[in-house]
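Chemist: Here it is: the structure, laid out below.
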Amino acid sequence: MVLSWTRGRVFRRSRKGKDLNSVGALDVEISTPTHFRCPITLDMMKDPVTLSTGITYDRDSIEKWFNNGNNTCPVTKRVLTTFDMIPNHALRKMIQDWCSEHRSFGIERIPTPRIPVTQYQVSDTCTRIMSCAQLGDVNKCLELVRKIKAWGKESERNKRCIMMTSAASIVLAKVFDLFSSSCGGSIEKSNVGTILEEILGVLIWMRPLSQQGKSILGSLSSMNCMVWFLNGKDLSSRQSAVLLLKEMNLEALEKTEGVIEGLVKMMKEPIGHAAAIKACLSIIFNMVSSSKNREVIAQRIVELGLVLILLEVVVDAERGVCEKALGVLDCICDCKQGKEMAKSNALTLPLVIKKLLRVSDLSSSFAVSIVWKLCAKTEERVLIEVLQVGLFQKLLVMLQVGCGDRTKEKATELLKLLNGYRCKAECVDSSSLNFKHLKK
C-alpha cells in the first residue's frame, strides 16, 4: 500500500516535471555569448580576425571601418601601426560548435570562410599570365585568368583587392592586346576567343581604367576585337564590350569601323542591361557632340534608325538614361537629315515637351533645344500642335524658375514665335497624354 502510494507520487512528480520542461522549451530564448559578438555590429561573427591590439572583430565589419578612413582600433582607440588581420581559428571553431549544439533552436552553423586573396597573390598570378602570353601558352593563360575571375566572384573583398593591385589592369590590357593582335582580326577562326572573352569580363571590374590602360586598349587590334564582341551573339560579352568601349578615347573610337553599327544594334536589343544602354548613349553622345566628323556620324546613326529607338527609350527611362537620350537627339537635330527624321515622327514633339520640367534641369535644357530646332521655320500646323500640348505654359514656368542663359534665349524666342498662334489653339493638358504603349 505504501509502496504503491510512493510510486504513484513519484510518477505524478515526473509527469509534472515533463510538462514544465515542455512549456519552458517553448519559451526558451537563446542568447548569443558576448565573446561571440563583433564589438562593432554586436552581431555574431562569421569570420573573426584579431588586430595587433588583441581585439577580435568580424572581418567584414573591421574592413568597412578601415575603408571609411579610420586608422584606430574601435575598442581601444589606439592608432594602429599595422592593419594586418590574423584569423582567429580557435574562436571561429567555438562559434561553429556552439551553432551546431543549438541547431534544434533554428541556429544555422556558420560556414568556414575562405582565405581572402592578397595583393601578392594577384601580382604573382598576373606575372605568370604575362609570361604565358609571351610564350603563346593560351590554355595556361586562360586557366590563370579564370583563377583571378573566381577570386573576384568569391567576395567583394577579393574583388577590391584585385582592383587595388595596380599591375592587374595593365597586365590584362597588355595580354588582351597581344592576343587580339595575334589572331589577325579572325577571332572566330583562332583559339584565343575564349581567353579574350574572359579578360574582357575581368577588365570591366577595373573601371575607370588608368591612362596607360586606355592607351594599350586603344590600339587598332584591341578596338577591332572589342567591336567584334559588341557585334557578337553573346549578350554578356556584348555588354562587357560596350562598358569597356565607354572608357576609350574619342580618337580611338573614330578610327574603328563598326562601332556605331554595334552600338545601335545594342540599343535595339529588347533585353538590355541598363548600364549597357547608358554606356551606349554616352559613347554616341560623345561622338556626335565632340567629334570632328560629328555630322557624318549623325547622318549614319539616323540611317540606322536611332531616332525611333531614342523616342522609345525616353518614354519610361530613368533619369540618367533619359538625359543622355535627349542629349543625343538634340545633337542629331543639328544635321538636316536628323531634323527631318525627327520632324516626320508625330510623337517627337509631344514626347519631348512632356519631359520638360519632369526629369531634371539638364533634360529640360535638351528638350527646349530640340523643340527650338524643330519649330524654327516650320509650318503653322506644327506650332499649333505644340501649343496644344502645353509648351507655352511650360516655357513660362521655366523662365520663372530659372535656367541657363542659352536655354533662356531659346525659350524666349519660342514664346515670341508661339504667341501669335495662341488664339488658334485650344490648349489641352499634356499630363493626359499617355505614351506608355509607344513600343507596342
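Chemist: Taking into account only those residues within region 145-169 that are hydroxyl-bearing (Ser, Thr, Tyr) and open to solvent by 30 Å² or more (accessible area, probe 1.4 Å), which is nearest to SER123 (Cα to Cα)?
Modeler: SER166
Chemist: If you don't mind, another one. Which members of region 81-133 meet the condition of being open to solvent by less than 50 Å² (accessible area, probe 1.4 Å), of a type in the set (A, V, I, L, M) and either without any contact (Cβ under 8 Å) to a residue 12 or more places away in the chain or outside any loop (DSSP other than H, G, I, E, B) (or both)?
Modeler: Of everything in region 81-133, those that are open to solvent by less than 50 Å² (accessible area, probe 1.4 Å), of a type in the set (A, V, I, L, M) and either without any contact (Cβ under 8 Å) to a residue 12 or more places away in the chain or outside any loop (DSSP other than H, G, I, E, B) (or both) turn out to be LEU91, ILE95, VAL122, ILE129, MET130, ALA133.
Chemist: While we're here: Considering only residues that are over 14 Å from LEU326 (Cα atoms) and surrounded by 16 or more Cβ atoms within 10 Å (Cβ to Cβ), which ones fall in region 269-282?
Modeler: Those that are over 14 Å from LEU326 (Cα atoms) and surrounded by 16 or more Cβ atoms within 10 Å (Cβ to Cβ): GLY272, HIS273, ALA276, ALA279.
Chemist: Moving on to the next point. Which residues, taken from region 377-400, are open to solvent by 50 Å² or more (accessible area, probe 1.4 Å) and touching a residue at least 24 places away in the same chain (Cβ under 8 Å)? Lay out the reasoning, then the answer.
Modeler: First pass over region 377-400, keeping only residues open to solvent by 50 Å² or more (accessible area, probe 1.4 Å): 377, 379-381, 385, 388, 393, 396-397, 399-400.
Within region 377-400, GLU380, GLU385, GLN388, GLN393, VAL397 meet the criteria.
Chemist: Name the residue, out of LEU142, LEU172, LEU178, that is open to solvent by less than 20 Å² (accessible area, probe 1.4 Å), of a type outside the set (D, E, K, R) and assigned to a helix (DSSP H, G or I).
Modeler: Checking each option against the conditions leaves just LEU172.
Chemist: When region 241-258 is examined, which residues are found to be crowded, with 24+ Cβ neighbours inside 10 Å and more than 18 Å from SER215 (Cβ to Cβ)?
Modeler: ALA241, VAL242
Chemist: Quickly run through region 285-320 and pick out the residues that are β-branched (Val, Ile, Thr) and open to solvent by less than 10 Å² (accessible area, probe 1.4 Å).
Modeler: Across region 285-320, the qualifying residues are VAL288, ILE301, VAL302, VAL307, VAL314.
Chemist: Within region 324-335, can one find any residue that is more than 27 Å from the chain's Cα centre (by Cα), open to solvent by less than 20 Å² (accessible area, probe 1.4 Å) and not assigned by the TED database to the domain that holds GLN400?
Modeler: Yes, region 324-335 contains a residue that is more than 27 Å from the chain's Cα centre (by Cα), open to solvent by less than 20 Å² (accessible area, probe 1.4 Å) and not assigned by the TED database to the domain that holds GLN400.
Chemist: Just a yes or no: is a residue in region 280-297 of a type in the set (Ser, Thr, Tyr) and within 14 Å of MET267 (Cβ to Cβ)?
Modeler: Yes: one or more hits.
Chemist: Here is a further query. If I ask for residues that are under 36 Å from the mean Cα position of the chain (by Cα) and open to solvent by 90 Å² or more (accessible area, probe 1.4 Å), which ones from region 28-78 would you list?
Modeler: Those that are under 36 Å from the mean Cα position of the chain (by Cα) and open to solvent by 90 Å² or more (accessible area, probe 1.4 Å): LEU42, ASP43, LYS46, ASP60, LYS64, ASN67, ASN68.
Chemist: What's the number of the only condition in (1) open to solvent by less than 60 Å² (accessible area, probe 1.4 Å); (2) assigned to a loop (DSSP other than H, G, I, E, B) that TRP205 fails to meet?
Modeler: TRP205 satisfies all of (1) open to solvent by less than 60 Å² (accessible area, probe 1.4 Å); (2) assigned to a loop (DSSP other than H, G, I, E, B) except (2).
Chemist: Do you know which residues across region 336-353 are under 16 Å from VAL382 (Cα atoms), open to solvent by 40 Å² or more (accessible area, probe 1.4 Å) and in a helix (DSSP H, G or I)?
Modeler: LYS339, GLU340, MET341, LYS343, SER344
Chemist: So in region 354-376, with the set limited to residues that are β-branched (Val, Ile, Thr) and either closer than 14 Å to CYS322 by Cβ or modelled with pLDDT under 90 (or both), which one is surrounded by the fewest Cβ atoms within 10 Å (Cβ to Cβ)? I'd like the intermediate steps shown before the answer.
Modeler: The first filter runs over region 354-376 and keeps only residues β-branched (Val, Ile, Thr), leaving 359, 368, 370-371.
Restricting the remaining residues to those that are either closer than 14 Å to CYS322 by Cβ or modelled with pLDDT under 90 (or both) gives 359, 370.
Details: VAL359: 21, ILE370: 25.
Filtering first and then ranking leaves VAL359.
The values are calculated or read from the model by the stated rules, or taken from the named source; none is laboratory data. Keep in mind that this is a model prediction, so the values were computed, not measured. When we count neighbours, we look across all protein chains shown, and the Cβ atoms used for this are built from the backbone with ideal geometry, even at glycine. Just so you know, the surface numbers come from the protein's heavy atoms only, side chains and all, with ligands and any DNA or RNA stripped out. Shrake-Rupley method; radii C 1.70, N 1.55, O 1.52, S 1.80 Å.
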